[in-house]
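Below: the structure, in structure tokens.
Every number here is computed from the coordinates shown, using simple stated rules; none is lab data. The structure presented is a predicted model; accordingly, all values stated were derived computationally and were not measured. In this analysis, Cβ positions are derived from the backbone assuming ideal geometry, glycine residues included, and neighbour counts consider all displayed protein chains.
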Amino acid sequence: MLATLSTAAAAGLAVGGYYYAAMWPESQLFGRTILAGRDLDEYALTYDDGPNDACTEQLLDVLARHNVRATFFLIGRFVRERRDLTRRIHAAGHLIGNHTMSHPRLLYCSSARVREELSSASSLIEDTIGEHVRYFRPPHGARRPDVLRTARELGLTPVMWNLGSYDWTTTNPETILSTVEKGIRRNRVRGHGSNLLLHDGSQAGIGQDRSATVAATARLLANAEKQGIRFVTVDAWDPSASKM
């Protein structure tokens, strides 16, 4: 009986450990990913799930007013439908990354599907903007060792985050801003900069309302100007970027 319980407990710990490694954004157990730098006043604004018509366009205007560059992880099937908007993101000087072709949970996909999702999205984005795609963020943060290995084989550096805004759970800009500010304070205590996960779109389809994220971004940037905060794109934290 005790042996059975011990075996069950060990199995439970193993499952829990695997899930932590696969889903917790700051875990490095399955391989190194970019999180953030050690400069407490250095932040990266990253936006997933676009391009998304009005919200992405409004966001670009907000970023331009504050002269801030951000990182956009784009879904390939939306890039195919909104090539002009994708080019506008690139022309504005923002960094564009790969967020797969159709936004599946790669943790549960076959190895062949993983490679197809990443390679197809990169090819489409590169054909649209005329520049090599170097960074990749797994949808939902879900990954396993071969997902990260495949990304690197395709010339992609995996990027996660260390501050989730939870902007997909609320339409209140103040709630988003409060969550972000709390996360920044936590990261500062830990001795890290902040890599903010936000969304200008949704995997559900083009046309989703992300106006609360746009408003929260505007407030965050206005506050940051008074605090001497620097915004970077995620390549600033890539040790290999200087070698390219």
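Brief remarks follow.
- Filter result (closer than 16 Å to Asp49 by Cβ and in a loop (DSSP other than H, G, I, E, B)) within region 172-222: Asp200, Gly201, Ser202, Gln203, Ala204, Gly205, Ile206, Gly207, Gln208, Asp209, Arg210
Conditions (1) on the phi > 0 side of the Ramachandran plot; (2) in contact with a Lys or Arg (Cβ under 8 Å, 6 or more places away or on another chain), marked per residue:
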site	(1), (2)
Gly193	no, yes
Gln203	no, no
Gly207	yes, no
Ser211	no, no
Val214	no, no
Leu220	no, no
Asn223	no, no
Asp235	no, yes
Ser240	no, no
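- Of all the listed residues (Ala142, Ala92), the sole one being within 21 Å of Leu59 (Cα to Cα) and either surrounded by fewer than 18 Cβ atoms within 10 Å (Cβ to Cβ) or within 15 Å of the chain's Cα centre (by Cα) (or both) is Ala92.
- Of the residues examined, Arg185 is not one that is more than 13 Å from the chain's Cα centre (by Cα), among the basic types (Lys, Arg) and within 28 Å of Leu106 (Cβ to Cβ).
- Annotation: Ser122 fulfils all but one of (1) under 17 Å from His199 (Cα atoms); (2) in contact (Cβ under 8 Å) with a residue 24 or more places away in the chain; the unmet one is (1).
- Candidates Ser194, Ser165, Ser202, Ser211, filtered to the one that is over 27 Å from Glu117 (Cα atoms), in contact (Cβ under 8 Å) with a residue 12 or more places away in the chain and under 13 Å from the mean Cα position of the chain (by Cα): Ser194
One line per residue, one yes/no per condition, for (1) out of contact with any strand residue (DSSP E or B) (no Cβ under 9 Å at 6 or more places or on another chain); (2) buried (at least 17 other Cβ atoms within 10 Å of the Cβ):
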| residue | (1), (2) |
| --- | --- |
| Ala121 | no, yes |
| Val133 | no, yes |
| Asp146 | yes, no |
| Arg152 | no, no |
| Pro158 | no, yes |
| Pro173 | yes, yes |
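- For Gly228, the conditions (1) over 25 Å from Pro51 (Cα atoms); (2) without any contact (Cβ under 8 Å) to a residue 12 or more places away in the chain are fulfilled apart from (2).
- Thr179 in contact (Cβ under 8 Å) with a residue 12 or more places away in the chain and within 13 Å of Leu197 (Cβ to Cβ): yes
- Complete set of residues in region 146-171 that are in a loop (DSSP other than H, G, I, E, B), closer than 15 Å to Gln28 by Cα and not polar (S, T, N, Q): Met160, Trp161
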